[in-house]
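Notes follow once the structure below has been shown.
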Amino acid sequence: MIKSSCCILVLLVLGACSGDPYQLGASVFNEQCASCHMTDGSGLGQEIPHLQRKTSNPRLWSCLIRYGVEKEREQQGVTYTAKMPAHPQLNASEIANVINFIQSRWVEEYRFVRLDSVNIWLRECREY
């Protein structure tokens, strides 16, 4: 009886772990980012950049998410005029999750972003 209970518990835990690994990132993105970058990552023309990329720079993205952008930015030949608001309420874990979600959806070539990396990058942020 104990052995079968343990097996059931293991199966339940494994089943809970098999869902979308970026579910938390999707939730944070939908709450904090989608109103500007759109739920499909398409952005808003020359106001707000789209998120589709060949590659990404998660170090830069960590800083942009936490501290925002106050000035116009040129990206892939387009100058975007809208300011990006800072999100100081997001912790490093939430930032890592949202970056992994964005990359998994709209970046062709990316690497998984680890929490310890985001913590280091946030300590090293410069003004953007």
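The values are calculated or read from the model by the stated rules, or taken from the named source; none is laboratory data. The structure presented is a predicted model; accordingly, all values stated were derived computationally and were not measured. Neighbour counts run over all protein chains shown; Cβ positions are idealised from the backbone, glycine included. When the accessible area is computed, the model is the full protein with side chains, heavy atoms only, and any ligands, DNA or RNA have been set aside. Shrake-Rupley method; radii C 1.70, N 1.55, O 1.52, S 1.80 Å.
Mind counting the residues in the stretch 11-40 that are among the polar types (S, T, N, Q), modelled with pLDDT of 95 or more and part of a loop (DSSP other than H, G, I, E, B)?
Result for the stretch 11-40: 1.
In the stretch 86-128, which residues are closer than 14 Å to Thr55 by Cα, outside any helix (DSSP H, G or I) and either open to solvent by 50 Å² or more (accessible area, probe 1.4 Å) or among the acidic types (Asp, Glu) (or both)?
Glu108, Glu109, Tyr110, Arg111, Phe112, listed by residue number.
Are any residues in the stretch 25-49 surrounded by 14 or more Cβ atoms within 10 Å (Cβ to Cβ), without any contact (Cβ under 8 Å) to a residue 12 or more places away in the chain and under 10 Å from Trp106 (Cβ atoms), and if so, which ones?
Ser42
Can you work out which of the residues in the stretch 62-89 that are at pLDDT below 95 and among the β-branched types (Val, Ile, Thr) is nearest to Asn119 (Cα to Cα)?
The residue in question is Val69.
Inspect the stretch 70-84 for any residue being under 22 Å from Gln23 (Cα atoms) and open to solvent by 20 Å² or more (accessible area, probe 1.4 Å) and give the result as yes or no.
Restricting attention to the stretch 70-84, the residues satisfying the condition of being under 22 Å from Gln23 (Cα atoms) are none.
No, the stretch 70-84 contains no residue that is under 22 Å from Gln23 (Cα atoms) and open to solvent by 20 Å² or more (accessible area, probe 1.4 Å).
For the stretch 50-71, does any single residue satisfy the condition of being part of a helix (DSSP H, G or I), closer than 15 Å to Phe101 by Cβ and free of Cβ contacts under 8 Å to residues at least 12 places away in the same chain?
no
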